[in-house]
Every structure is written in structure tokens, then in C-alpha cells.
1. Can you report the number of residues in region 153-194 which are in a strand (DSSP E or B) and exposed (fewer than 13 other Cβ atoms within 10 Å of the Cβ)?
2. If a residue must be buried (at least 21 other Cβ atoms within 10 Å of the Cβ) and closer than 15 Å to residue 192 by Cα, how many such residues does region 111-132 contain?
3. Residue by residue through region 76-87, note down the ones that are over 31 Å from the mean Cα position of the chain (by Cα) and not hydroxyl-bearing (Ser, Thr, Tyr).
4. Can you tell me which residue is surrounded by the fewest Cβ atoms within 10 Å (Cβ to Cβ) among those in region 70-110 that are modelled with pLDDT of 90 or more and among the polar types (S, T, N, Q)?
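The values are calculated or read from the model by the stated rules, or taken from the named source; none is laboratory data. Keep in mind it's a predicted model, so treat the numbers as computed, not measured. Glycine gets a Cβ as well: all are built from the backbone with ideal geometry, and neighbour counts include every protein chain shown.
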Amino acid sequence: MSEHPVGTRRELRATHGRTRRRRRLRALALSTSVVAGATLLGIGTAGGTYALLQTRAELRGASLTAGTAELRLNDAVSAELGPVVLSPAAPATQAVKVTNIGSVRLRLSGHTSAASSTGILPYVQARLTPVANAASCTAGLGTAPAPLSSFAAQNFAELAPGASRWACLEVALRPGTPADLAGQQVPFTLTISGVQHAG
């Protein structure tokens, strides 16, 4: 006959079961804390890398200076071309000296604007051509002429700082201009502009 009653055996089994569960939980808790420690160690390492990516250095003593861009036409801010008399057979030409007095290289463009709505305006044409000197400015140079009212010569020349360049402006009447338009005037302005160019 057993020394322990049945009830006591059950209690002992239950006590042993609880003890085993506690030991498993302790082991599980221990392994969880080791994993957690490894995770924290990994985050710590990643944090170190992140800190390196965030480092910065200062460069002292550097300074920036803006360049200047300024043009002169015939050695002045603006130049008068004077009145000209046109006919379909006799275009007028005018040499214009363009000087870069700024400190940056410029790419030159030109366009006209006409302050007239006279009937002859649609028959007036213009062109602007770079030339070697004033004496080289003659009619018929360069590309085909365009209407004076919408004339534009994009990037027709480049100009280094301190350098000068001659341009030849030609103004003409189209062939077939009606004779009854004779005597009309067409005031216009030629604007030459420069845009900085790194070339």
C-alpha cells in the first residue's frame, strides 16, 4: 500500500508540473533577454553608422564674387543710327561696334521693335551680321532678311570680357513695295543684349 493518499499524489504532480513550467518560463525569459540584448546591440551598431552619416565639415575662408555683364554700342550706352532713305534697289547699312565692358563672356543677340503702324512697315526687312570691321559692312551679308517688325538674331556672336565686335545692320524694302507708300517713315529701335556664356 502506498504511503501517500491519492489526493496527495495529485497535489505532488501538480506541484511538480508548476515547478517544471516555472523552469521553462525562466529559460524562455533568459533566451528572450539574450535576443533582446542582441537586438539592442544591433541597433547600437546601426546608430553608430547613422552618426557617421550625419557628420559634417566646414570649409572656412571661401567667398563668391558676382561677375558683371555690361555692353556698349559705339562706345556709348545707346547710339543713334540717324535717318536713312530706302528703296527696293538700295538697302541701307550701318556698322555697330559692340563692346563687352563686363567681367564675363557674353553671347550676343539682337532684335528690333518698330513704333509705327504705317502701311510701309510690312515691307521693311532687316538682318544683323557679325563682320570683321566697319568697312566690311555691306548689303547682302549673312542669312536671309526678316520682317523689321519681328526681327530677331539669336546668338549671332560671342564676346569675351574687354573685347569688341562689329555687327552690320542692314535695312531694306522688299521687292514689289507699292510706289504709293513712298515718303512714309518707320522709326525703329535695335536692341543688342548679352547673356553670360561659359564657353
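1. The total comes to 5.
2. Result for region 111-132: 4.
3. If the condition is that a residue be over 31 Å from the mean Cα position of the chain (by Cα) and not hydroxyl-bearing (Ser, Thr, Tyr), then 79, 80, 81, 82, 83, 84, 85, 86 are the ones that fit.
4. 103
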